[in-house]
1. Please enumerate, by chain and number, the lysines with C-alpha under 19 Å from the C-alpha of Lys126, excluding those fewer than 8 residues away in the same chain.
2. Let me check against my output: what whole-number percent is the relative contact order of the chain, with C-alpha pairs under 8 Å and at least 6 apart?
3. At a 10 angstrom cut-off on C-beta neighbours, averaged per residue, how do the peptides 15-25, 60-70 rank from highest to lowest?
4. With the Cα gyration tensor of segment 47-113 in hand, give its eigenvalues times 5 under a square root as the equivalent ellipsoid semi-axes, listed largest first in whole angstrom.
5. Place the peptides 90-103, 38-51 in order of packing, highest mean first, counting for every residue the other Cβ atoms within 10 Å and averaging per peptide.
6. One quarter of the convex hull surface, Cα atoms only: what value does that give for the chain in nm²?
7. Given segment 1-70, what whole percent of its Cα pairs are spread farther than 15 Å?
8. Binning every alpha carbon pair distance of segment 65-147 at 5 Å from zero, what are the percents per bin?
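FYI, it's all coordinate maths here, none of it is from the lab. Just so you know, these numbers come straight off a predicted model, no measurement behind them. Because the Cβ atoms are built from the backbone with ideal geometry, glycine has one as well, and the counts that use them run over all protein chains shown.
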Amino acid sequence: MNFIKMLIGLPVIIIVLIFAFVNNDLVTFNLWPFYFEVTVSQSVAIVFFVLFGYIYGKFNSWLSYSPVRKALRQQKKENKKLSKEQVKLSEKVTDLEGSITNLKEEAKDAKLAAKDAEDAAKAAEKEKKRAAFKERLRNIFRFGRKD
């Protein structure tokens, strides 16, 4: 883009300067409401007005883009705020993932403990049945004997 600006701007500047220095007559400018007259070389007047137009255009462009610059500043503030919030949320997600891992391990441990308790209950039930069976057998064999 800068190359295109230079490609167009450089010949225009050269043409304006050549035109200004070729026209070297004196010119009188009359500032109407103030009754003020200025007599200068035509080349100085041309260069002055071209430079004034360039500066005026730049200033006007700068003013017209002020809402865009304001929006960019607000966007930067919002981006910083959202970045901080993202960091906080990512830390929270990491903590929650750690908690999920711990809960999964605790659930596995609880399942193993429940299975162990169930096995112990089955073993106790079997032992109770054996004890009852032994007691019945003793009663059966005692029934025929007299003590």
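1. Those lysines meeting the cut-off are Lys115, Lys134.
2. Working: 37 pairs, mean separation 16.3, N = 147.
With pairs under 8 Å counted, the relative contact order is 11 percent.
3. On the way: 15-25: 12.4, 60-70: 9.5.
The densest-packed peptide leads the list: 15-25, 60-70.
4. 63, 7, 6
5. Working: 90-103: 10.1, 38-51: 14.0.
With the highest mean Cβ count within 10 Å placed first, the list reads 38-51, 90-103.
6. On the way: hull surface 86.1 nm².
Convex hull of Cα atoms, orientation-averaged projection: 21.5 nm².
7. Values: 1669 of 2415 pairs.
Beyond 15 Å sits 69 percent of the P(r) for segment 1-70.
8. Using 5 Å bins, I get a P(r) of 3, 10, 8, 7, 7, 7, 6, 6, 5, 5, 5, 4, 4, 4, 3, 3, 3, 2, 2, 2, 1, 1, 1, 0 for segment 65-147.
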